[in-house]
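These notes are about the structure you will find just below.
Nothing in this text is a laboratory measurement; each read-out follows from the coordinates by a stated rule. These figures come from a predicted structure and were not determined experimentally. Every residue, glycine as well, gets a Cβ built from its backbone with ideal geometry; the counts of neighbours run over all protein chains shown.
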Amino acid sequence: MEERRRHAVQRVLDGRAQKDVASFLGVHPVTVAKWIARHRVDRDDGLKAKPTPGRPRFLTDDQEKQVLGWVAEPPTKHGFGTDLWTARRVAEVIHKKLGVRFHPNYLREWLGKRNYTPQKPARRAKQRNPEAIARWVPEDWPRIQKRRARSAPTSS
């Protein structure tokens, strides 16, 4: 991009019209005018690329490690009633301990990038009796299982 800006400025300084240079480079004429203005003020330094930093991170590397450490622990240790982490629960813990607010949808994506996938607990009845099940399957199930109908010749 810097080379392109320098090329545009050089062409204008050589006597070409800004509109023609913009058309040649496929940019808007106002863009070329801005490049010329920056060149007049700061010379070649005005044409250098400037990094676009973007939005600052919400958590530092150390804080991220802390959060991942909390997620590795059972949620009951952090005051929740069940052993199931949800994005909303993770957001609550982060807000409570670090004072940073996250939307649960963002946290789902954030956790997914760190190989924490959604988990669904196995649903089992509290009164489940494994011994009775082990006895029932070989004894009772064959008796009530549907029998296959005998095939009889059909007439057409």
Selection from segment 75-93 of residues that are more than 13 Å from Leu111 (Cβ to Cβ), out of contact with any helix residue (DSSP H, G or I) (no Cβ under 7 Å at 6 or more places or on another chain) and surrounded by 13 or more Cβ atoms within 10 Å (Cβ to Cβ): Glu92
Residues that are surrounded by 14 or more Cβ atoms within 10 Å (Cβ to Cβ) and part of a helix (DSSP H, G or I), drawn from segment 35-64: Trp35, Ile36, Arg38, His39, Gly46, Leu47, Gln63, Glu64
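Mind telling me which of the residues Arg108, Arg89, Arg101, Arg114 ends up being in contact with a His (Cβ under 6 Å, 6 or more places away or on another chain) and within 24 Å of Thr60 (Cβ to Cβ)? Steps first, please.
Working: Arg108 fails: in contact with a His (Cβ under 6 Å, 6 or more places away or on another chain); Arg89 fails: in contact with a His (Cβ under 6 Å, 6 or more places away or on another chain); Arg114 fails: in contact with a His (Cβ under 6 Å, 6 or more places away or on another chain).
Step by step, each of Arg108, Arg89, Arg101, Arg114 is checked, and only Arg101 is in contact with a His (Cβ under 6 Å, 6 or more places away or on another chain) and within 24 Å of Thr60 (Cβ to Cβ).
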The condition from (1) closer than 30 Å to Ala122 by Cβ; (2) more than 22 Å from the chain's Cα centre (by Cα); (3) among the charged types (D, E, K, R) that Glu92 misses is numbered (2)
List every residue pair whose Cβ atoms sit under 6 Å apart, with the two residues 6 or more apart in sequence or on different chains, where the first one lies in segment 1-18 and is free of Cβ contacts under 8 Å to residues at least 24 places away in the same chain and the second, anywhere, is surrounded by 17 or more Cβ atoms within 10 Å (Cβ to Cβ). Arg11/Val21; Gln18/Val12; Gln18/Val32
